[in-house]
1. If you bin the C-alpha pair distances of region B:78-130 every 10 Å from 0, what whole percents do you get?
2. Restricting to region B:78-130, what percent of DSSP beta bridges are antiparallel, rounded to 5?
3. Residue farthest toward the positive end of the dipole of chain B, with Cβ of Lys/Arg at +1 and Asp/Glu at -1: which of B:His279, B:Ile185, B:Val356?
4. How long are the three semi-axes of the equivalent ellipsoid for chain B, computed from the Cα gyration tensor as the root of 5 times each eigenvalue, in whole Å, largest first?
5. Distance between the C-alpha centers of region A:317-361 and region B:24-62? Whole Å please.
6. Using alpha carbons only, how many angstrom separate the centre of region B:181-252 from the centre of region B:453-480?
7. Just to be sure I follow the definition: excluding the sites themselves, where is the longest run in chain A that has none of the GluC sites (Glu not before Pro) in a DSSP loop with at most 14 other Cβ atoms within 10 Å?
8. Can you give me the three principal axis dimensions of region A:225-285 from its C-alpha atoms, in Å, biggest first?
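The values are calculated or read from the model by the stated rules, or taken from the named source; none is laboratory data. A quick note: this is a predicted structure, and the numbers were derived from the prediction, not measured. Heads up, the Cβs are rebuilt from the backbone with ideal geometry, glycines too, and the neighbour counts pull from every protein chain shown. Each accessible area value is taken on the protein alone, full model and side chains, heavy atoms only, with ligands, DNA and RNA left out. Shrake-Rupley method; radii C 1.70, N 1.55, O 1.52, S 1.80 Å.
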Amino acid sequence: MTIDGQKVDFAPGETIYEVARRLDRDVPTLCYDPRLEPFGACRLCVVEIEGQARPVASCTTKATAGMVVRTVTDALEAHRRTLLELVISENRDSGDAFGAGTPAHVDPLRGASSQELSTLAARYRVRPGRHAGAHSGHSRRDDDNPFILRDYDLCISCYRCVRVCDEREGDHAIHVGGRGFESRILTEFEGHLADSSCTFCGQCVQTCPTGALADKKALRAVDLPGELTKTRTICPYCGVGCSVDIVTKGDRMVAVQPAFDGPANEGALCVKGQFAWDHVQHDERLRTPLVRGADGVQRPATWDEALDRAADGFRRAAAEHGAKAVYAIASGRAPHESAYTIQKFIRAGFGTNYIDNCSRA
Amino acid sequence: MAAPPATDRPSDAELVARWAGEPAPLLPLLHAFHERDGVLTDDAIRRVAAALRIPLAELYGTVTFYHFFEREQPGRARPRVCDGPVCRRRGSAELLAALGHHGAEPMPCAGRCDEPIPVLVGDQQLVGARDGELRDLPTPLPPKLSDDRLPGWRECVFRHIRTEGRAALAGYRATGGYAALFRAIAMAPAEIVDVIAQSGLAGRGGAGFPTGVKWRLVAEAEGGPKSIVCNADEGEPGCFKDRALMDHDPHAVLEGMAIAGRATGAARGIIYLRYEYPHTLRVLEKAIREAERDGLLGERILGSEFSFRIHVRRGAGAYICGEETSLLESLEGRRPWPRNKPPYPVTHGFEGLPTVVNNVETLASVPPILLEGADWYRGLGLGDHAGTKVVSVSGDVQRPGNYEVPIGLPLRTLLQDCAGGALPGRRIVAVTQAGLSGGFLAGADLDVTLDEPALRAKGSFLGAAGLIVFDDSRDMVAVAADGIEFFAHESCGKCFPCRIGTTRLTERLTGSDGPLDLDEWRSEVEDICATMKATSACGLGLAAPLIVESLLRSFPDDVRAHVEGPAIET
Ligand SMILES: Cc1cc2nc3c(=O)[nH]c(=O)nc-3n(C[C@H](O)[C@H](O)[C@H](O)COP(=O)(O)O)c2cc1C
Ligand code: SF4
Ligand code: SF4
Ligand code: SF4
Ligand code: FES
């Protein structure tokens, strides 16, 4: 087949979009997530095929031999601009408690894909106010779950959230109600996520291209000064080994986002990896070592004092009962470096493999 | 409507047991609970979800897609009054007000534009007058034209429909019924397909795809069991032909389906009937029972190897379910968003298996074609055009009704000689095509023949052939606004251009939103129409802009007055 004048081979079953992507053609999309079945809602990915009267959605159309495809023409670009102007026109500025979000500007703390719409709006120089009319989508501020903000004022009905929940998570917690302009994302009987089969894995948040679904914990940091930085690591909670980006603002950890190129998870996380990180900066965390006195009460101590005390205890136990009397369980809440160190300590220090990690459970 | 006494009330378990093992069980099971309780309760939805293993959120969402599943009192007893483009001009607002104390609500065109105003109360199909009087009247028969008005045209599907008793099996057989099925059973399947292909019969439901080609693709497709689906959703405003066919000649549809089954190797037939036709449901169910009793449907028909069973499934109020892939999704119990095509139903239809989807009229044409031959049918058309088309004519004419005319007939001949022309003292200014989907023709464009090439050259299409006529007393901006509002109401919401575009166009045509400057107004409207026509995912969004474009083309002064006029309409 030919794409924009370039001859290219394709694998059976490949879509035009996938082939174009391999050629680094920047075909715009909003309803597309490479992990999901092709859906064809946003129609931004339309391309022209020689001999066909109308453009086709490249994300749902399979490549065939001899096809001559154009991904950029004046007509296609005009349709894309109209589509973006239409979709921006249905959004309401999100003046929620977090103060974030207008159709054109959405705080990146909301989620990993939250900048897709605003990026395309800028790329296509969307004219504000064009095609003005009724807004669709109604935020569910009544849903007071601690994790997921359901700010549907920003929703554009791409149904990525529904599809990721069905196809990737298998939770089937949310679906689409109503029809047409009144289509809306809901749980059964329009209730709250906590009363549905939602597991709060956050997948819907992270695929949402508008920030309509947002990470409530991350949004606590909206007003913190500083740039957002992402640091790639692996979730320590279990043996799956999901790749994550730790998002920091200044010296504060503010969010976890899944890595879409993580080999074990392809952007998936569970509720623990996604949301259970408050302990890292928790006020009640110990900042000085404590040692227990003869009266059984713990008192602050210096590091030397504490480490000597611990070393004595280990030595005594090993001397009296043998090296196998010492057994270490590393915590899933500690980073990998700590887990590595503790297994080294047991294996090299005591010569046993009496070591485990709570994440193995 | 009072709930039936508790003792007659089937239990949940009985309802589930009745339907859970049947093909396409979701809609009938939901209807069974809906009919028993008058509304669909949370408990019923939970019960159905568990029985059919559908996630609860999905089933709840799907239930809210359809217009007629009631969740609140008065439930199914709530009168529904047709608010379609014809009935709006025949007093539907007054009728709605008159029935207001019963909780009446509007419904989109309910397919009786020749004798308005249809009203649905529970399973009663009634006709209402402006003042609120409701009557139970039979579906009008197609008007009989005297021979001098029919210069040598012959009918195909209507040729026996006016015969007394034709709807019953005895009457049908007395006029040659089921002779075509006997013949089909004696023929090789490929021969049947050849006859249909040579006849030039093409789909009468809207898209006009050659029926013989469709059947051949299904006959040759790998895999099975195969199905014949009769599309009886007839949701297009201004179309009421399938209703007349089914009510007065139901066996013709059943026979056409059985022949399609024989030709393609399908043993299962499903009729997808729109919710608004409960009387038709009873007619079809009775006809199926009669045919089964006489061995004309069921196992080993007439002692042959050929078996064919027909099931009726009732829709729940959604125009998009007439789109064939949306219809299949609806049958399969999912949210009825149209599927991405290809693949097409001929290979990936009902339950992903080869399926013929044909319109009622297409299928009813099959028995006469098989009896009289392909050449006979071809010869019914004018010029190069093959066959006939039933056209539903309504609105501002003397004799609205269903007329079966030769394809290629001049529009003006139909309006004048069949429908009797304009009302006294009036002049016809515009005629819609394909119900509302083809937009309207006006002025010199009314000099056109009724065939796809001629109508497409004018930016329209014949489609299912519903013609709504408007005379010089009508506000054409309001007509176009009603049209696009219908499409906005019926857009399934899957794709952006249609979901948002139909709403924006409605706002601009009703004047509730949009620019006040004419050039800006036109620029927005034209952009939206162009993008919808180029990028929509299915026929609804592709066709919806035509009515707006026809307004811009034919009535530019009315548009100017609408945009720049002193007051915004309310
Ligand atoms: C929005 C929409 C609504 C449709 N409604 C109907 C309908 O009510 N009845 C029908 O037969 N075809 C309808 N069609 C056409 C069907 O998709 C399909 O082409 C037809 O049922 C095939 O049968 P035929 O080839 O015998 O016409 C509709 C199409 C669209 C896009
Ligand atoms: S909430 Fe987000 S992902 Fe879900 S449909 Fe709306 S815009 Fe798409
Ligand atoms: S705990 Fe959850 S997020 Fe972490 S690695 Fe395991 S599955 Fe992945
Ligand atoms: S064109 Fe309209 S009806 Fe068809 S898929 Fe798109 S939104 Fe649904
Ligand atoms: S990416 Fe193809 S339609 Fe959205």
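1. Pairs per bin, as whole percents: 32, 61, 7.
2. On the way: 6 of 9 bridges.
Taking every DSSP beta bridge within region B:78-130, about 65 percent pair in antiparallel fashion.
3. About the Cα centre, the residue reaching furthest to the positive side is B:Ile185.
4. Values: eigenvalues 243, 183, 107 Å².
Values for chain B, descending: 35, 30, 23 Å.
5. Each part's Cα centre sits 55 Å from the other's.
6. Between the Cα centre of region B:181-252 and that of region B:453-480, the gap is 27 Å.
7. Working: sites that count: A:Glu50, A:Glu227, A:Glu284.
With a cap of 14 other Cβ atoms within 10 Å, the longest stretch comes to A:51-226.
8. Principal-axis extents of the Cα atoms in region A:225-285, largest first: 32, 27, 14 Å.
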